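These notes concern the structure reproduced below.
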Amino acid sequence: MSQIIKLSDNAAERIKEIMSNAEKDSVGVRVSVKSGGCAGMAYVMEYTKEVNPNDEVIEEKGVKVFVDSAAIMYLLGTEMDYKTEEMSSSFVFNNPNETERCGCGESFKIT
(Lines give C-alpha, C1' and ligand atoms only; values in the text may rest on other atoms or scores of the structure.)
Protein backbone atom coordinates (compact mmCIF):
# COMPACT_ATOMS: atom_id res chain seq x y z
CA MET A 1 0.00 0.00 0.00
CA SER A 2 1.34 3.41 -0.85
CA GLN A 3 1.95 5.90 1.89
CA ILE A 4 -1.09 7.97 2.80
CA ILE A 5 0.74 11.23 3.34
CA LYS A 6 4.13 12.30 2.05
CA LEU A 7 6.01 14.96 3.96
CA SER A 8 7.97 17.66 2.20
CA ASP A 9 11.36 18.55 3.68
CA ASN A 10 9.87 21.83 4.96
CA ALA A 11 7.01 20.02 6.71
CA ALA A 12 9.39 17.52 8.34
CA GLU A 13 11.67 20.33 9.54
CA ARG A 14 8.74 22.26 11.00
CA ILE A 15 7.36 19.18 12.75
CA LYS A 16 10.82 18.60 14.29
CA GLU A 17 10.77 22.21 15.49
CA ILE A 18 7.32 22.05 17.03
CA MET A 19 8.02 18.65 18.60
CA SER A 20 11.14 20.06 20.26
CA ASN A 21 8.83 22.59 21.95
CA ALA A 22 6.06 20.10 22.71
CA GLU A 23 5.24 18.72 26.11
CA LYS A 24 7.52 15.84 27.05
CA ASP A 25 4.86 13.16 26.73
CA SER A 26 3.84 14.08 23.18
CA VAL A 27 4.72 11.26 20.79
CA GLY A 28 4.07 13.07 17.53
CA VAL A 29 1.50 15.06 15.63
CA ARG A 30 -1.87 13.69 14.57
CA VAL A 31 -3.60 14.70 11.37
CA SER A 32 -7.34 14.32 11.10
CA VAL A 33 -10.25 15.90 9.29
CA LYS A 34 -13.39 17.38 10.78
CA SER A 35 -16.60 18.75 9.42
CA GLY A 36 -16.53 22.49 9.15
CA GLY A 37 -15.52 25.45 7.08
CA CYS A 38 -17.30 26.80 4.04
CA ALA A 39 -16.47 23.81 1.82
CA GLY A 40 -17.46 21.17 4.37
CA MET A 41 -14.26 19.66 5.76
CA ALA A 42 -11.16 21.01 7.45
CA TYR A 43 -7.75 19.57 8.27
CA VAL A 44 -6.81 19.33 11.93
CA MET A 45 -3.28 19.03 13.27
CA GLU A 46 -2.55 18.55 16.94
CA TYR A 47 -0.01 17.04 19.30
CA THR A 48 -0.77 13.49 20.32
CA LYS A 49 0.23 11.85 23.56
CA GLU A 50 -0.99 8.40 22.73
CA VAL A 51 -1.19 6.21 19.68
CA ASN A 52 -4.64 4.94 18.80
CA PRO A 53 -4.53 1.33 17.60
CA ASN A 54 -6.23 2.35 14.34
CA ASP A 55 -3.89 5.23 13.59
CA GLU A 56 -1.77 4.99 10.49
CA VAL A 57 1.77 5.89 11.52
CA ILE A 58 3.98 7.67 9.03
CA GLU A 59 7.65 7.80 9.90
CA GLU A 60 9.54 9.87 7.41
CA LYS A 61 12.51 12.25 7.49
CA GLY A 62 12.99 11.77 11.22
CA VAL A 63 9.44 12.62 12.32
CA LYS A 64 6.32 10.70 13.24
CA VAL A 65 2.90 11.68 11.97
CA PHE A 66 -0.19 9.80 13.10
CA VAL A 67 -3.13 9.80 10.72
CA ASP A 68 -6.53 9.37 12.29
CA SER A 69 -8.19 6.23 10.89
CA ALA A 70 -11.32 8.18 9.94
CA ALA A 71 -9.22 10.57 7.85
CA ILE A 72 -7.29 7.99 5.82
CA MET A 73 -9.74 7.82 2.94
CA TYR A 74 -9.70 11.61 2.61
CA LEU A 75 -5.94 11.94 2.73
CA LEU A 76 -4.67 9.21 0.40
CA GLY A 77 -1.87 10.55 -1.77
CA THR A 78 -1.69 13.91 0.00
CA GLU A 79 1.56 15.80 0.30
CA MET A 80 1.96 17.80 3.47
CA ASP A 81 4.06 20.89 3.03
CA TYR A 82 4.95 23.90 5.17
CA LYS A 83 4.92 27.31 3.54
CA THR A 84 6.30 30.51 4.95
CA GLU A 85 4.82 33.65 3.50
CA GLU A 86 5.17 37.29 4.41
CA MET A 87 2.13 37.45 6.66
CA SER A 88 1.76 33.85 7.80
CA SER A 89 3.28 30.42 7.94
CA SER A 90 1.22 27.27 7.81
CA PHE A 91 1.04 23.62 6.95
CA VAL A 92 -0.44 23.08 3.51
CA PHE A 93 -2.10 19.89 2.36
CA ASN A 94 -1.78 19.20 -1.36
CA ASN A 95 -4.60 16.70 -1.63
CA PRO A 96 -5.39 15.13 -5.03
CA ASN A 97 -8.81 14.03 -3.71
CA GLU A 98 -10.14 17.56 -3.23
CA THR A 99 -12.87 18.57 -5.62
CA GLU A 100 -13.39 21.99 -4.12
CA ARG A 101 -11.54 24.28 -1.77
CA CYS A 102 -12.89 27.38 -0.12
CA GLY A 103 -11.33 30.73 -0.93
CA CYS A 104 -9.64 31.11 2.43
CA GLY A 105 -7.97 27.72 2.03
CA GLU A 106 -9.22 26.53 5.41
CA SER A 107 -11.60 23.86 4.20
CA PHE A 108 -12.17 21.48 1.33
CA LYS A 109 -14.66 19.08 -0.19
CA ILE A 110 -14.33 15.60 -1.64
CA THR A 111 -17.08 14.16 -3.84
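The values are calculated or read from the model by the stated rules, or taken from the named source; none is laboratory data. Here the structure is a predicted model, which means the values were calculated and not measured. All Cβ positions, even for glycine, are placed from backbone atoms using ideal geometry, and neighbour counts span all protein chains on display.
Specify the residue that is modelled with the highest pLDDT; the eligible residues are those in region 27-44 that are assigned to a loop (DSSP other than H, G, I, E, B) and surrounded by fewer than 17 Cβ atoms within 10 Å (Cβ to Cβ).
27
Rundown of residues vs (1) without any contact (Cβ under 8 Å) to a residue 24 or more places away in the chain; (2) within 25 Å of residue 9 (Cβ to Cβ); (3) among the charged types (D, E, K, R), yes/no style:
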{"residue": "46", "(1), (2), (3)": "yes, yes, yes"}
{"residue": "63", "(1), (2), (3)": "no, yes, no"}
{"residue": "69", "(1), (2), (3)": "yes, no, no"}
{"residue": "72", "(1), (2), (3)": "no, yes, no"}
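Considering only region 66-76, I want to know if a residue exists there that is part of a strand (DSSP E or B) and under 13 Å from residue 28 (Cα atoms).
Checking region 66-76: at least one residue is part of a strand (DSSP E or B) and under 13 Å from residue 28 (Cα atoms).
Filter region 93-109 down to the residues that are surrounded by fewer than 16 Cβ atoms within 10 Å (Cβ to Cβ) and either without any contact (Cβ under 8 Å) to a residue 24 or more places away in the chain or not charged (D, E, K, R) (or both), then identify the one that is nearest to residue 12 (Cα to Cα).
94
Residues of region 77-89 being within 18 Å of residue 34 (Cα to Cα) and either out of contact with any helix residue (DSSP H, G or I) (no Cβ under 7 Å at 6 or more places or on another chain) or assigned to a loop (DSSP other than H, G, I, E, B) (or both), which ones?
Once the filter is applied, which keeps residues that are within 18 Å of residue 34 (Cα to Cα) and either out of contact with any helix residue (DSSP H, G or I) (no Cβ under 7 Å at 6 or more places or on another chain) or assigned to a loop (DSSP other than H, G, I, E, B) (or both), region 77-89 yields only 78.
Out of (1) surrounded by 15 or more Cβ atoms within 10 Å (Cβ to Cβ); (2) part of a strand (DSSP E or B), the odd one out for residue 59 is which?
Every condition holds for residue 59 apart from (1).
How about region 45-56: which of its residues are part of a loop (DSSP other than H, G, I, E, B) and either surrounded by 19 or more Cβ atoms within 10 Å (Cβ to Cβ) or among the hydroxyl-bearing types (Ser, Thr, Tyr) (or both)?
Within region 45-56, 55 is the sole residue that qualifies.
So, residue 43, is that one within 18 Å of residue 110 (Cβ to Cβ) and of a type in the set (Ser, Thr, Tyr) or not?
yes
Of everything in region 1-26 that's in a helix (DSSP H, G or I) and out of contact with any strand residue (DSSP E or B) (no Cβ under 8 Å at 6 or more places or on another chain), which residue is farthest from residue 80 (Cα to Cα)?
Within region 1-26, the match that is farthest from residue 80 (Cα to Cα) is 20.
Quick check: anything in region 71-83 under 13 Å from the mean Cα position of the chain (by Cα), over 27 Å from residue 111 (Cα atoms), surrounded by 16 or more Cβ atoms within 10 Å (Cβ to Cβ) and among the β-branched types (Val, Ile, Thr)?
No, every residue in region 71-83 fails to be under 13 Å from the mean Cα position of the chain (by Cα), over 27 Å from residue 111 (Cα atoms), surrounded by 16 or more Cβ atoms within 10 Å (Cβ to Cβ) and among the β-branched types (Val, Ile, Thr).
Got a sec? Which of 49, 83, 61 is of a type outside the set (Phe, Trp, Tyr) and in contact with a Leu (Cβ under 7 Å, 6 or more places away or on another chain)?
One residue alone meets the criteria, 61.
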